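Let me begin by presenting the structure, written as structure tokens, before commenting on it.
The values are calculated or read from the model by the stated rules, or taken from the named source; none is laboratory data. Not measured: the values here are computed from a predicted model. Heads up, the Cβs are rebuilt from the backbone with ideal geometry, glycines too, and the neighbour counts pull from every protein chain shown.
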Amino acid sequence: METKTQGRLCRAAIFAGALAATLVMTESGPAQSYSTSGSGQSTTQSSQQGPQVTAQGRAKIGPNAPVTYDNRWEVYGGLSFMNFQGGQDLPTRMNLGGGEAMGTYWATPRLGVAADWRGEWGTTPVKPNTVFNGRALAGLNSFMGGVQYRGPKNQYAALDYHALVGAAYGKFDYTADPVVLGLYTNRTKPMAALGASVDFNYRRNIAFRVQPDLILEHFGTETREFFSISGGVVWRIGKR
């Protein structure tokens, strides 16, 4: 019951985050142009070209160059956090930390093909035993592929959605015999990541990303749901 409740909370958190980002993207319209006049001459400037001063003396802040989202490739790297359950019958979940790298090929302005790697490590409680008392080390290495869809976007940010499917290798024998500790044995099992990412543009080809995910895994006898979030830098390469 606890696992199902936590799973519903994970889905609700990811949905709420994506909805909030969508509302922000919808409210943020295109950059406005303005003009100043003097001595019979008129000059038009745009907030897309960096900080400018309006006729009222207020600065307008925006990216240094227009963000066109016409890149062919996209590379993302960052730090990640994920919760997990190290054994089928352990009552307490564990926290994993590590890194993520994702590469995307944008076949169209909206649709891309993505490949993703994640490495996570952490310590987990174990069941009572006579071999080891404390928290045991465990790790996951996952490789997934799938699709990425570009949603609302403007000069300041973009909202993307993704669905990734693959497998993860879990290593649970760092500390002692995992069977004695109540952990899974070392194994490779299916894994999927469903989520969204918000890219905050720093420059035309560089952005900072926040990416929450709903993780589905089948290391035990049933499919379980976990929450993951990562943050890092996106580098846009090439032109479509």
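With a cut-off of at least 2 residues that are over 16 Å from the mean Cα position of the chain (by Cα) and among the hydroxyl-bearing types (Ser, Thr, Tyr), name the strands (runs of 3 or more DSSP E) lying wholly within region 66-151. Working first, answer last.
Working: elements: 73-84, 94-106, 111-125.
Those strands (runs of 3 or more DSSP E) span 111-125.
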Study note, to complete from the structure: When Val165 is run through (1) more than 25 Å from Gly145 (Cα to Cα); (2) touching a Gly at 6+ places or on another chain (Cβ under 7 Å); (3) among the hydrophobic types (A, V, I, L, M, F, W, C), the failure sits at (1)
**Study point:** Every pair of residues 6+ apart whose Cβ atoms lie under 9 Å, when the first sits in region 150-176 and is under 30 Å from Pro125 (Cα atoms) while the second is crowded, with 18+ Cβ neighbours inside 10 Å and β-branched (Val, Ile, Thr)
**Key:** Phe172/Thr124; Thr175/Val126; Ala176/Val126
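Yes/no matrix, rows are residues, columns are (1) surrounded by fewer than 21 Cβ atoms within 10 Å (Cβ to Cβ); (2) farther than 18 Å from Val210 by Cα; (3) at pLDDT below 95:
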| position | (1), (2), (3) |
| --- | --- |
| Pro91 | yes, yes, yes |
| Leu111 | yes, yes, no |
| Ala115 | yes, no, no |
| Glu120 | no, no, no |
| Asn129 | yes, yes, yes |
| Asn133 | yes, yes, yes |
| Ala136 | no, yes, no |
| Thr188 | yes, yes, no |
